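Asker: Attaching a single structure in C-alpha cells format; questions to follow.
Computed from the coordinates by the stated procedures, all read-outs in this text should not be read as laboratory data. Predicted, not measured: the structure shown is a model, and the values here were computed from it. Every residue, glycine among them, receives a Cβ derived from its backbone with ideal geometry; neighbour counts consider all protein chains shown.
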Amino acid sequence: MPIVDQQMTKQTSPNSNPPVRKDFLAAKDFNFFYGKKQALYDINIEIPERQVTAFIGPSGCGKSTLLRNFNRMNELIEGVRHEGDIRLLGKSIYDKSVEVISLRRSIGMVFQKSNPFPKSIYENVVYGLRISGQSKKSTLDEAVERSLRGAALWEEVKDRLHESALGLSGGQMQRLCIARAIANRPKVLLMDEPCSALDPIATVKVEELIRELKKEFTIVIVTHNMQQATRCSDETAFFYLGKLIEFDRTQKIFSNPSEKQTEDYITGRFG
Amino acid sequence: MDNIGTHSLDFFELDHNENTKAMGRSLTNRILTGICVTLSLLTMIPLISIIVLLLKNGLPLLSASIFTELPPAAGMTGGGFGNAIIGTLVMVGLGLAISTPVGILSAIFINEYSQTSRLSRAVRFVAKLLTGIPSIICGVFAFAIVVLPNQTFSAFAGGVALSVLMLPTILLTAEQALMGVQNAYREASYGLGATRFQTIVRVVLPDALPAMMTGIMLAVARAAGETAPLIFTALFSQYWASSLNEPTASLAVLIYNFSTVPFPHQVSMAWTASLVLVAFVTIANVAAQTIFARKN
C-alpha cells in the first residue's frame, strides 16, 4: 500500500509553490544495532522537504547506517535490531500497514558504486515499473524518457536505449541509476556517496543534477567530500561515533559551527 | 664535473651487478615458462590419443543404419544400436528432469534465503559428501528403492540412479554460480522495491544461468558415460523400449557388454558406440556453451 499517496498528488503540480514541510522524513530516538554492536545512538533528526540534506562525518560514524534505515535496506542484514522510530510524512515506516517494498519505491536509493543491471538502458530504467506489474509499452516508454531527461542522460543515450547499460561511462552509469530510482516517482532520494567513484567532470554533472532534482525530490546525500556538501546541500548533519553531533543550515555548519567536534572535523583536524 | 663523473661511474657499477642478477632471474623465468608449456602440451596427449583411437577403430562401422537398427545377436553381423542411443538420451533426460529442479532450487535456498542456517550447512555438507560417492553405489541405491519394489529393471530406475549421480554437481555449481552474482545487483533490485522472489527471478538467475548451465553440462557429460549405475538399474535390452518400466539399453552398457565378447563385429561396434557417445557429449557441451555465451 503506498503510504504517501495523498500528499503526492498535492505537491507534484509544478506551478504551485506548496509550503516546505520541515519534518518530511524524521528519525525519533532512533537506536540501531548490528548484533551486539550499537551503531546509532538516540538519533533525532528532521529532514526538510525538497531540500538537499548532507550527512558528513568520518568513516564508521553511522551516516550510511542511518541512510540505509530510511528505506529499511539494513533489514537485509542478519542480526540487526532497531529502537525508536522513523517517520515519513508523520507516518512510521515500521507501521504494520507499510509494505517494505512500497516503502522502497517511495524512498529511492542510489548507491556508492553505480550498479546498473546487466540489461539494456531501457530495461534498467523500467525495472521498478515492471516489478510493480506495469507492462504497458506507452507507459514504459514515457517513463524512460521522463526519467532519463530527469537524470540529464536522455540526450546522450536516446539513440541506444536498447544497448547494454554496461557500455556506459562511470558517470553515465551513475546517472542511469538515478534515472532508475526516479522512474518509481519516489518522495525521497537517498544517495550513498554517489560521486566517490567518479572523476571530477562526472562529479560536477551529478552535483548539478542533484541541485536540479531537489525541485522535485527530498534528497539525503552521504558524502566524505566536504566541498561537495557545501556545493550542493542546504542542510548538513555531522555524525561522529554513531551520534548526531550537529544539524543545521550548511552555511552555518561550515562557517560557524556550534560544536567543537564539528569545527575540528570540517577544519581537517581529524577524520 | 668531477663530481658528476664519479657519481655516474658508481651508478653504472651498481647497474652492472644488478644486471647480472637480472639475467639470472630472467633465465629462471624462461626455464619455468618452458616447463609449464611442455606440461600443458602433455595433458593434451591423452585426450588427443583417445580421439585418434576412437576415430581409427570406430569410423569403419559408422553408418546411418547404426543409428536406426537394433544390436545384432551374438555372432551375427550388421545391425546398429539405435535403442541404446535412445535409452541413453531418455535416461540422462530423466536424470536431469529430477536433479536439475532439486539441485537449483536447493542452491537458491542455501545461497539466497538462508546462507548460514543449520539446514543450509547440512545440505552443503551432504552435497559435498555425495560428490565423492562411487557411481556404483548410486546404482545399488536405485536398485534398492526402484528396481526391487517394481520387480523389474527399468529406464526409470536408471534415470533415478543418474539423477543421484548428477545432483551434487548441479547443486554445488549452481551455488557457486549464485555466489558469483554481484551483491550490488541484489541491493539495486531491493532498493527499487523488488521482493526477494522478483530479485531472484529477474536479476540473480539470469546472471547466474551461464555458470549453472556449465554445471549441468558437466553432470550430463559424466552421467552419459557411466556404466556402473545402469547395470543394476536399466540392465540392457536387445529391443526397442516401449515404456520406462522395462529393461532398457544404453550406450555405456552396450560398450561394456560388446567389448568383452569374442566376436570381432561386436567389438568393432563397441568402438563405434564409444565414438558416438563421445561425439554426443562434445556436441552437447559445445552447443550449450555457444548458446549461453551468445546470450551473455
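Asker: Relative to 2.2 N^0.38 Å, what does the C-alpha radius of gyration of the range B:24-157 come to as a ratio? Two decimals please. Don't jump to the answer; show the numbers that get you there.
Answerer: On the way: Rg = 23.8 Å, N = 134, 2.2 N^0.38 = 14.1 Å.
Here the answer is 1.68, to two decimals.
Asker: Please go through the range A:56-140 and write out the GluC sites (Glu not before Pro) that DSSP classes as loop and that have at most 12 other C-beta atoms within 10 Å.
Answerer: On the way: sites: A:GLU75, A:GLU78, A:GLU83, A:GLU99, A:GLU123; in loops: A:GLU78, A:GLU99.
Loop-located and lightly packed - A:GLU78.
Asker: Please list the three semi-axes, largest first and in whole Å, of the ellipsoid equivalent to the protein assembly as shown, using sqrt of 5 times the eigenvalues of its alpha carbon gyration tensor.
Answerer: Numbers: eigenvalues 747, 244, 103 Å².
After scaling each eigenvalue by five and taking roots: 61, 35, 23 Å.
Asker: Highest first, please rank the peptides B:167-174, B:182-189 by the mean number of other Cβ atoms sitting within 10 Å of their residues. If you can, show how the numbers build up before the last one.
Answerer: Values: B:167-174: 23.8, B:182-189: 18.4.
Highest-to-lowest ranking by the protection proxy: B:167-174, B:182-189.
Asker: Sort A:VAL204, A:VAL100 so that the residue with the fewest other Cβ atoms within 10 Å of its own Cβ comes first and the one with the most comes last.
Answerer: The most exposed by this proxy come first: A:VAL204, A:VAL100.
Asker: Counting other C-beta atoms within 10 Å, and keeping those with at most 15, which DSSP coil GluC sites (Glu not before Pro) do you find in the range A:206-271? Before the final figure, lay out each step's value.
Answerer: Values: sites: A:GLU207, A:GLU208, A:GLU212, A:GLU216, A:GLU235, A:GLU246, A:GLU259, A:GLU263; in loops: A:GLU216, A:GLU259.
Hits after loop and neighbour filter: A:GLU259.
Asker: Within the range A:136-194, which GluC sites (Glu not before Pro) sit in a loop by DSSP and count at most 13 neighbouring Cβ atoms inside 10 Å?
Answerer: On the way: sites: A:GLU142, A:GLU145, A:GLU155, A:GLU156, A:GLU163; in loops: A:GLU163.
Sparse-neighbourhood loop GluC sites (Glu not before Pro): A:GLU163.
Asker: Something else about it: Pick out, from A:LEU213, A:LEU198, A:THR223, the residue whose Cα sits farthest towards the positive end of the charge dipole of the range A:24-266, with +1 on the Cβ of Lys and Arg and -1 on the Cβ of Asp and Glu.
Answerer: A:LEU213
Asker: What average number of partner chain Cβ atoms lie no more than 10 Å from the Cβ of the residues making up B:192-203? It would help to have the intermediate numbers written out before the result.
Answerer: Details: counts 19, 17, 8, 4, 2, 1, 5, 1, 0, 1, 6, 5.
The per-residue average across the peptide is 6.
Asker: Rounded to whole Å, give me the distance from the Cα center of the range B:85-99 to that of the range B:109-184.
Answerer: Cα centroid of the range B:85-99 versus Cα centroid of the range B:109-184: 16 Å apart.
Asker: With a 10 Å Cβ neighbour count serving as the proxy for reagent exposure, in which order, fewest first, do A:LEU168, B:LEU54 appear?
Answerer: Values: A:LEU168 21, B:LEU54 18.
Ascending Cβ contact count within 10 Å gives the list B:LEU54, A:LEU168.
Asker: Also, quick follow-up: Compute a Gaussian network model of chain B, connecting alpha carbons closer than 10 Å, and tell me which residue from B:LEU42, B:LEU277, B:LEU105 fluctuates the most.
Answerer: B:LEU42
Asker: Can you give the helix-only mean residue ellipticity at 222 nm for chain B, where every DSSP H stretch with n ≥ 4 adds -39500 (n - 2.57) and the sum goes over all residues, rounded to the nearest 500 deg cm²/dmol? Present the calculation step by step, with values, prior to reporting the outcome.
Answerer: Numbers: 12 runs with 213 residues, N = 296.
Per the formula, -24500 deg cm²/dmol.
Asker: While we're here: Between B:SER106, B:SER243, B:SER274, where does the largest GNM mean-square fluctuation fall for chain B, given springs only between Cα atoms within less than 10 Å?
Answerer: B:SER243
Asker: Let me know the Kirkwood hydrodynamic radius for chain A, please, with Cα pairs as the basis and the value in Å to one decimal. Provide the component values of the computation, followed by the final result.
Answerer: Details: mean 1/r = 0.0523 Å⁻¹.
Final number for the Kirkwood radius of chain A is 19.1 Å.
Asker: I would also like to ask the following. Nearest 20 debye, what's the magnitude of the dipole of the range B:66-295 about its Cα centre given +1 on Lys and Arg Cβ and -1 on Asp and Glu Cβ? Could you put the intermediate results ahead of the total?
Answerer: Values: 10 positive and 7 negative charges, 130 e Å.
The dipole of the range B:66-295 has a size of about 620 debye.
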